[in-house]
Amino acid sequence: MTQAYDLHTHSTASDGTLDPTRLVSNACAAGVRVLALTDHDTTEGLEEAREAARRVGITTLGGVEISVTWGGMTVHIVGLGIDETEPRLQSGLKSLRAFRDWRAAEIGRKLEQAGIEGAFDGALQYSSGRLVSRTHFARYLVERGRSGSVREVFRHYLVRGKPGHVAGQWAELEDAVGWVKAAGGQTVIAHPARYKMTRTKLRRLIGEFKECGGVALEVVSGSHSKDECFTMARHAADYGLLSSMGSDYHGPENPYIDLGRLPPLPPLCVPIWSQWDEDIRKAAMAAAHT
Ligand code: AMP
Ligand code: MN
Ligand code: MN
Ligand code: MN
């Protein structure tokens, strides 16, 4: 089912494979009417996305997906409706990108120790001079025939306990929420079912998130099963949080995730857009009737 809202997507500004212009035109062709570009730890693609959206006649929101360390794990916080010129947000994101640069060199060094040469330069090539993600390493290792897929590279090389894993510290939850709030945006816990936390731990995360000013859960995600959507809808309702939806699209290479191809929010959800400007909601409604 196509949804008019897709509030979690990536471009070449981080680890997506389509540039913002192409992402926006594909989203429009897929029936998306309100799109948020939410690249990892950068707002670099937003200006281009806005211009492209103007041309094709859809609405974009300023977005970002911030890497956070919480409870010994990496958790992603999506910010929606941000003013990306806000200095606190930018200095926070800059510190995360500095950590990414350091980590990329470390990953390269560790892979070299494991007998894989040239991974750092290879990843840099895949990132085309923008921020470096583990995804860029994975694409290079697939190219070199080390594994059959990006997924497999993660499993064999890049996750905890594997030769290319580098531990580190991303943003504090409270800081990430604070940066987005300072920039006038709303925060969403991205793909909450993907962390495979126990129910108790997830509810502790949601509770702390709400306490520091978080507003929504990404109830519908391209990486959630139907059951997980319903479970997350219940958690959102229990905590009085709003609900968001986003594909987490990274490009056409992944055949399982497409722009706007999502189930609807379960009925008990209060959509994050219920409090947005009427113009935005009208744009989405118009699409629903065509
Ligand atoms: P990074 O932020 O550089 O640590 O990379 C995290 C990104 O890698 C995520 O946003 C996903 O796009 C991707 N990713 C993480 N785990 C996997 C996995 N198991 N298989 C494929 N891609 C993954
Ligand atoms: Mn990613
Ligand atoms: Mn994520
Ligand atoms: Mn994402």
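The values are calculated or read from the model by the stated rules, or taken from the named source; none is laboratory data. In this text, all values refer to a predicted model and were calculated from it rather than measured experimentally. Counting neighbours? That spans all protein chains shown, and the Cβs are built from the backbone with ideal geometry, glycine included. Protein only, heavy atoms only, side chains kept; ligands, DNA and RNA dropped before computing areas. Shrake-Rupley method; radii C 1.70, N 1.55, O 1.52, S 1.80 Å.
In Å³ and rounded to a whole number, note down the convex hull volume per residue for the Cα atoms of the range 1-79.
Working: hull volume 6.9 nm³, N = 79.
Looking at the range 1-79, the number lands at 87 Å³ per residue.
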Helix axis angle, 226-239 relative to the chain longest principal axis, alpha carbon, degrees: 70
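Using the C-alpha gyration tensor of the range 201-249, what are the square roots of 5 times its eigenvalues, in whole angstrom, with the largest one first? If you can, show how the numbers build up before the last one.
Numbers: eigenvalues 68, 26, 17 Å².
Equivalent-ellipsoid dimensions as semi-axes: 18, 11, 9 Å.
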Dimensionless Rg over Rh [the range 81-133; C-alpha; Kirkwood]: 1.14
Estimated distance in nm for a label pair at T198 and A105, the labels positioned 7 Å out from Cα along Cα-to-Cβ: 4.0
Accessible-area value, W170, 1.4 Å probe, nucleic acids and ligands omitted, Å²: 30
Descending principal axes extents, the range 132-239, alpha-carbon based, whole Å: 46, 33, 23
Range of Cα positions in the chain per principal axis (Å), largest first: 56, 43, 39
Where Rh is the Kirkwood radius over Cα pairs, Rg/Rh for the range 51-109: 1.10
Fully extended contour minus Cα-Cα distance, from Q125 to V166, at 0.36 nm per residue: 12.7 nm
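Quick one: in the range 151-214, what % of C-alpha pairs are over 18 Å apart?
Values: 1089 of 2016 pairs.
That fraction is 54 percent.
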Shape of the range 210-290, Cα gyration tensor, a/c cut at 1.5: oblate
Using distinct alpha-carbon pairs, which all enter the 1/r mean, Kirkwood radius of the range 47-170 in Å: 16.2
Protection proxy ranking of 197-206, 43-52 - average other beta-carbon atoms within 10 Å, highest first: 43-52, 197-206
Theoretical FRET efficiency, 1/(1+(r/R0)^6), r = Cβ-Cβ of R155 and T74, R0 22 Å, to 0.05: 0.85
For the range 140-164 and the range 175-252, distance of Cα centres in Å: 28
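Accessible area per residue, 1.4 Å probe, Å², for the range 140-290: what's the number? Intermediate results must be reported in sequence, preceding the final value.
Details: 7810 Å² over 151 residues.
Value returned for the range 140-290: 52 Å² of accessible area per residue.
Kindly flag which residue pairs out of K94/K196; K181/K210; K94/K181; K162/K226; K110/K201 have an alpha-carbon separation exceeding 24 Å in this structure.
Details: K94/K196 29 Å; K181/K210 13 Å; K94/K181 17 Å; K162/K226 31 Å; K110/K201 31 Å.
Pairs exceeding 24 Å: K94/K196; K162/K226; K110/K201.
For the range 1-137, what is the accessible area per residue in Å² when the probe is 1.4 Å?
Using a 1.4 Å probe on heavy atoms only, each residue of the range 1-137 averages 38 Å².
Rounded to the nearest 5, what % of the DSSP beta bridges within the chain are antiparallel ones?
Of those bridges, close to 40 percent are antiparallel.
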Computed E for K282/R144 - FRET, C-beta separation, R0 45 angstrom, nearest 0.05: 0.35
Within the accessible area of the chain (1.4 Å probe), percent carbon and sulfur: 49
